[in-house]
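What follows is one structure encoded as structure tokens, with my remarks underneath.
Bear in mind these aren't lab numbers, they're just calculated from the coordinates by the rules spelled out. Values in this document were obtained by computation on a predicted structure and should not be read as measured data. Glycine also receives a Cβ, built like all others from the backbone with ideal geometry; neighbour counts cover every protein chain displayed.
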Amino acid sequence: MVGRTESSGGSVAIGGSAMASTPKFGSFYGGRKEEELDCSSLYDLTKPHTESFDYFVERGLEEAVRRLQPIELKHPISGTSLRLWVEKPNVSPPMKDLGSQALDQRLLPSECRLAGLTYRGIFTADICMQWNNGVVVRHNISYGKMPVMVKSSVCHLRGLNQKQLVAAKEEATEMGGYFICNGNERIIRLLIMPKRNYVVGVKRTSYKNRGPSYSDKGVMIRCVRPDQSAVTMRMYYMNYGSASLGFSVRRQEFLIPVGIILKALIESNEYEIYEQLMSIQSDSKAMKGALGSQFVSQRAKIILEEVRQLSLFTRHDCLQFLGNRFRPVMGLEDKQQHAAVVGEQVLNDYILVHLDNPLDKFNLLVFMLQKLFALVDGMAAPDNADALQNHEILLPGHLLTIVVKDRIQDWLLRVQGQLLKEMKEKPAENDLQLKHVQKVFEKVPASDVSKKVEYLLNTGNLVSQSGLDLNQVGGFTLVAEKLNFLRYLSHFRSVHRGAFFATLRTTTVRKLLPESWGFMCPVHTPDGSPCGLLNHLTAACQISSDLDARGNKKDPLAIRKSVTKVMVNLGLVPVLPKLSNMAPPEYLTVLLDGCVIGHLATGAIPSIIEHLRRLKVVDGSEVPADMEIAYIPCTSAGSYPGLYLATTPSRFTRTVKQMFGDGSLELIGPLEQAYMEIKCPGGNEPIGPKPTHEEINATAFLSVVASLTPWSDHNQSPRNMYQCQMGKQTMGFPAQALQCRADNKMYRIQTPQMPIAQTNAWNKYHMNQFPTGTNAIVAVLAYTGFDMEDAMILNKSSVERGLHYGQVYKSETIDLTELRQRGDGVTNVFARSGAMARFKEQADKSANFIDIDGLPYVGQTLTEGDPYCSVVNKMTGQSKISKLKGSEAAIVDYVAAINTGSKDPLQKVTIRTRHPRYPQIGDKFSSRHGQKGVCSQLWPDVDMPFSAVTGMRPDIIINPHAFPSRMTIGMLLESMAAKAGALDGKFMNATPFKKSSKEGGDGKDFAKTGGNDGTADLLGQQMNAHGFNYHGTEVMYSGVLGTEFVCEIYLGVVYYQRLRHMVSDKYQVRSMGPVNPVTRQPVKGRKVGGGIRFGEMERDSLLAHGAAYLLHDRLHACSDYHTANVCGFCGSLLATVPLPTTRGSLGSLGLGIQQGGKKICRVCNTSKGIETVAMPFVFRYLAAELAAMNIKLTMTLSQN
Amino acid sequence: MDNVSYQRFPTVRIRDIKDDVLKFELRDTDASIANALRRIMIAEVPTLAIDLVEIESNSSVLNDEFLAHRLGLIPIVSDRAMEMRLSRDCDACDGDGRCEYCSIEFHLSVKCTGDQTLDVTSLDLVSSDPSIIPVDAAGRAADMGGFESNDTRGILIVKLRKGQELKLRAIARKGIGKDHAKWSPAATVTFQYEPEIHINEALMETLTLEEKQEWIDSSPTKVFELDPVSQQVVVVDPEAYTYDEEVLKKAEAMGKPGLVEIYSKEDSFIFTVESTGAIKASQMFLNAIEILKSKLDAVRLSFDTEEADDQFGELGAHMRGGGI
């Protein structure tokens, strides 16, 4: 009965929304299984999005408004002072508009999708007003409606179980993480940022352009406040030995000698500062990592000398200097504040803003100087700014937090400006009392705040004065296309390097660096322009959050305290009391989140680290579970040594197994990973030090999409990259809630199947819920010649049985409110035009398609030009009928009548049509191994070759030449494995690296077996057991002749995907059609029925072939063929006009294209000698254009 | 070339005959005839299949054309198909379905009212002609004890949840597999040359017992066996041989080429015919011969006629023995 599996239509079917995912061929009958899927693996994928949005609404907003600059005003006459600030920001769950008569007042995401609304909730805050330092008056104000992330803590879907989700018309596996803007699902893109609060040494030639005597070396730190707003600070090395600090205010960089800041930060004297700086040096110059005392002392003196030359001797002097310089920059020109106060504010707002304490800032500056000097001296190498260890991620919630903070600050300033203006103009009336202030609130719309956020989401563009320390102004958001589940899911995991880097000519930023191992997938990046810039997180990579393992908010200060305490017990020398000569190589600086917490003796560090790692995995210990413990040891001219601890949010983390203790799972980061010894299961025994950690599984370095490729370890690597691309272009089963969606375009395959050869990830991520292909019987042979050059032959009967049948869903929203003029009542309604007696005739014609309500019948088949919607203008009685465009037939799938909230008649509908797409010649298909091909023939079943034993005819024939150069051995394995699996009725595990890892059994040393992991051997034996050839081949007969083939044919089962590129969307043909009115040449564009440009190179090839007739046909006859009348005497092309029939008639003066009739040359005033000449119309146009420039073009006519 | 008679008298010997499986030998003919029979069985033996579906109400999860496609693929008992008319050739009607010569009407009207999911199967199709019903292959197989009992509920069309309804009219028509795979009565038709296996006994005796067993095991199918008594290698099932030449390769690898000689008898074929259940496998074969004969009649009729040249072109001249 082997032959029965051949009919591809439905041998393995997928069930309803809650089909169990057991790896067995199940029965098709019976009720649905009620068990819940465990979707935690899917939720983990969108966690960075949802968790950070939770941060935004629950903690980030609070933190942001707390750090806003309050506005302070004083009335010029009465002297009343007013202080204004914002408190208690709150985003509430989305609700329907007031006046809606719905029973459920909640606005659900599915309603937004269908109705093209934005999923947003009201954003309010308290404005606190305080007059003359008196009682605080609170005034609740609405900042408009803030877009809300689906499945965030303010979303209605949070906490629903799968049944409830389905009831809310969502996927059972809904994972959230996106916004719904005007019905579209949009995501805020994850962006790479420099790691926060971490000093990076850089060498850039552009630094020399900062000014005279600037060198190319510097150190950089991106300081991030607890409210996620950032200020990047750079320290440049000056060629004369000093250093200068640079920071940007409103996108303009300001440079200050570092000495001034050092002195301004703490009350100190020059000797102390000198001593601090000199602690860099060590006497033992020869040792690695040490700086020369001579070198440092010279430069320390220069730094201090520089300040003295500006006659700044005390801290006060320095603060005053800063205050005077920065008063205009800070926007405090007309204030009476003392310069020193302004100076302190500068330090507060722009210098190392992640630290509050000036002493901490001072210590970090000293550390930065140390690092800078080490860099200059060649003792330390510059860090690679493109390496992942110096990166973190800008999370959606964090971006929103800083944007909203910026917008509210802007609003406050505008309120301040308005108040000042009014007080200046009419001080008597505008008394700065409550009434006045409230009036001003009305004048300065607060809802702008949310509008700007919505604008950001809709367009991806950021509007900000300060630039928010971000490197780009656009491209922050993208649409989460639900083309298929793979594409949808990888949107959430994609990480962009930043728009700036896309413009760079150099390719260094695109390089795959070993530092990314385990965090960024090496396989899953697109080819072409975004290659290497748009990466994807690995399936196992998690982003650290501001919550601890128990879900409580992390308190950075408490963490610093407890970690310091632990470290002091272990031998940390704290910062206070100051002791000098704590310098590498004997002592290393310990930094926690960019704060110097002390020094440790180098020798003790390894054991301390191990102790910390043990503590880290203990639940509830002083050391947070996701703390990064990066110990960079002393090396000569390596990275600058130190112990860098990080507990901040938005870092990359992943889990590995400890090989000490009881083998707990530990979260590690990319910086520490570079200095750890991590063993890969099944890998070679490491040559270096004994490994301390172990990878959990061998595929942890792959993204979700990449880990779905079966036996990707047997493929040539670019093929796996291609599959990652093609997997995302596959027609699949995009959503189970298809019926409740109105996406612009959605692809669906009618009979999808689970692949027989599947990886572990397939089940882990519930891909059975959203399968993307069909198990097809594939024969590898050169049969008819129609399989050349990656073409493939499909079996016509298989296609008729449903192989790769698909549909395209298209939705159109018709909104009549858009037609309405402002202030008008309802004039347009949906109705069949026959409502008016005058248009009876027209109505009868469309009655077959349009119901009395003006909307189409659901289930109606439409062909080109058929009407499907009718809108009647009540005033004029005229109707506007929408007709189906394109030559393709469509079926009305769904009509959604949308309540626009008012009591008006229906004003908005969404019509979804279904376009059947059966596989046809020219459609694109692909296996899961980057082997794409175009269908070249639908070959009759009887003409296909058949297997002698089983009688099996293949569904697909591909050419053997597809294999040798591409080396996709994984596909050959899949073919055999799925065949064996089909014979056994079992799913086959095709996880890559399985045999070389422990879970796959023997764990044989990869090197010893020469890469042969015995997979093929195993499969061969399985085939033998079923009476098939060991090598997967079968004896086949020609279907046409009935004779045996000389060769045995490789025949097996391969999971084939149908890609969304289909001829019916792409074919372009014309013989006649629209032309450009000026040149009369065919217009371009498929949509308008235009032609394809027959360009220069095409012309050249025809010339080379001597194909003169064809050339004439293409470029003249099929283009702008024109016959013109030329006067033989004057040679003019333009002067010939038809002889006017009646005097004074101006008809068709210039062109003279009327055929027949007498022509006259107006110059020669005769009709003699006028000849008809064929020419391109553009030539005539050229003559006209030249005439306009007073250049005459004459033609000489000759008989030959 | 003249006077050479190609006439042969093919014989058929039936090995195994069941409703849905037929195994027979076809001797004294060549591959062209064997393949012609195979091709006709797959693509040209007519059956009935649902060809037109009028959907009155469909609130199921599957869309209309999906359902129509599924209905079309349901095999229908087609014993009468041979004498029925193709609806496009039917004089009695315009092919609208209510014609006894060319079409059969089915009705399906199901609504789920219970809390359990309701399976709509081929058994819910109500035929206008009691002799023409969907094939209940599973039901018949259950009699033979071949299937599990829970699979006796007909062919699943769609599942309905509470409140969903499906109401439609379907018209089955006669057709052939060439036009659409749903009209193909054959699940599988295959043939292979009958193998002739000669073991070189002398050479075989030079092998040790283990070597013999190893050699036997090299064939994935059970062709040879070690006789437990004589400890000689014997051919138990020559037809199990798949022409994979594994044993020849093995013999060569053992350094004993010519251990066995295998020929294929080029005039003898072993056929396996599997039916979808629309018609019995044996009937399918008979129908195929019938159709082949009528095709040849068509050729013979036009032999020597004026139209032959038009109809057959160069082939016509060839048939008249004129050569090309």
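Using just the C-alpha positions of the protein assembly as shown as equal point scatterers, what log10 of I(q)/I(0) does the Debye formula give at each q in 0.04, 0.06, 0.08 1/Å? So the normalised log intensities are -0.38, -0.82, -1.21. Seen from A:Y1030, the other residues with C-beta closer than 13 Å to its C-beta sum to a net charge of -4, counting Lys and Arg as +1 and Asp and Glu as -1. Counting, for every residue in B:185-197, the Cβ atoms of other protein chains within 10 Å of its Cβ and taking the mean gives 4.
Note down the magnitude of the dipole of chain A about its Cα centre, charges +1 on Lys and Arg C-beta and -1 on Asp and Glu C-beta and zero elsewhere, to the nearest 20 debye. Before the final figure, lay out each step's value.
Numbers: 134 positive and 113 negative charges, 679 e Å.
Here the size comes out at about 3260 debye.
With the convex hull of the Cα atoms taken as the outline of the stretch A:102-233, the averaged projected area works out to 15.5 nm². With respect to chain A, whose longest principal axis is taken over its alpha-carbon atoms, helix A:969-984 is tilted by about 70°. In the stretch A:409-527, if the dipole is taken from +1 on Lys/Arg beta carbons and -1 on Asp/Glu beta carbons about the Cα centre, which of A:L512, A:L462, A:A446 is farthest to the positive end? Most positive-ward Cα: A:L512. When the Cα positions of A:H354, A:L489, B:I197 are compared along the charge dipole of the protein assembly as shown, A:H354 comes out farthest toward the positive end, with charges on each C-beta of Lys, Arg, Asp and Glu.
Once you list every other residue whose beta carbon is under 13 Å from the beta carbon of A:E422, what net charge do they have if Lys and Arg are +1 and Asp and Glu are -1? Don't skip to the end; give the middle numbers.
On the way: positive: A:R414, A:K421, A:K424, A:K426, A:K435, A:K439, A:K443; negative: A:E425, A:E429, A:D431, A:E442.
Net of charged neighbours comes to +3.
Inter-chain Cβ neighbour count for A:931-942, averaged per residue, equals 2 (cutoff 10 Å, partner chain atoms only). Working from Cα pairs under 8 Å separated by at least six residues, relative contact order for chain A is 10 percent. Working ranking of peptides A:553-566, A:733-746 by packing, defined as the average number of other Cβ atoms within 10 Å per residue, highest first, is A:733-746, A:553-566.
So for the stretch B:201-258, what are the equivalent ellipsoid semi-axes in whole Å, largest first, each being the square root of 5 times an eigenvalue of the Cα gyration tensor?
Working: eigenvalues 54, 45, 16 Å².
Over the Cα atoms of the stretch B:201-258, the semi-axes work out to 16, 15, 9 Å.
Straightening the chain between A:A1025 and A:A1117 buys 26.4 nm, computed as 0.36 nm per residue apart minus the Cα-Cα spacing.
Please tell me the relative contact order of the stretch B:201-258 in percent, rounded to the nearest whole number, where contacts are Cα pairs under 8 Å and at least six residues apart.
Working: 56 pairs, mean separation 16.7, N = 58.
It comes to 29 percent, rounded to a whole number.
Rounded to the nearest whole Hz, the Karplus-based 3J(HN,Hα) values (6.51 cos²θ - 1.76 cosθ + 1.60, θ = phi - 60°) of the stretch A:695-704 follow the sequence 5, 6, 9, 6, 9, 5, 8, 9, 6, 4, with x at glycine and proline.
In order along the stretch A:1176-1188, phi translates into HN-Hα couplings of x, 5, 4, 5, 5, 4, 4, 4, 5, 5, 5, 4, 5 Hz, rounded to whole numbers, per the Karplus curve 6.51 cos²θ - 1.76 cosθ + 1.60 with θ = phi - 60° and x for Gly and Pro. Across the stretch A:288-398, the relative contact order, built from alpha-carbon pairs under 8 Å that are at least six residues apart, equals 23 percent. Shown in residue order for the stretch A:987-992 are the 3J(HN,Hα) couplings computed by the Karplus curve 6.51 cos²θ - 1.76 cosθ + 1.60 at θ = phi - 60°: 7, 9, 8, 10, 4, x Hz (x for Gly and Pro). The mean number of partner chain beta-carbon atoms within 10 angstrom of a residue's beta-carbon across peptide A:801-807 is 3.
Going toward the positive end of the dipole of the protein assembly as shown, with +1 on Lys and Arg Cβ and -1 on Asp and Glu Cβ, which of A:S636, A:S562, A:G773 do you reach last? Highest projection toward the positive end goes to A:S562. Quotient of the Cα radius of gyration of the stretch A:716-867 and 2.2 N^0.38 Å, N being its number of residues: 1.58.
Principal-axis analysis of the Cα atoms of chain A puts helix A:605-616 at an angle of about 60° to the longest axis. Helix A:315-326 and the longest principal axis of the Cα set of chain A meet at an angle near 30°. Taking amide hydrogens as placed 1.01 Å from N in the peptide plane, the amide H of A:H1061 sits under 5 Å from those of A:K924, each at least 5 positions away in sequence or on another chain. Close amide H partners of A:V86, meaning residues 5 or more places away or on another chain with modelled amide H under 5 Å apart, are A:C128.
Taking amide H as placed 1.01 Å from N in the peptide plane, A:L592 has its amide H under 5 Å from the amide H of A:I597, A:L645, each at least 5 places away in sequence or on another chain.
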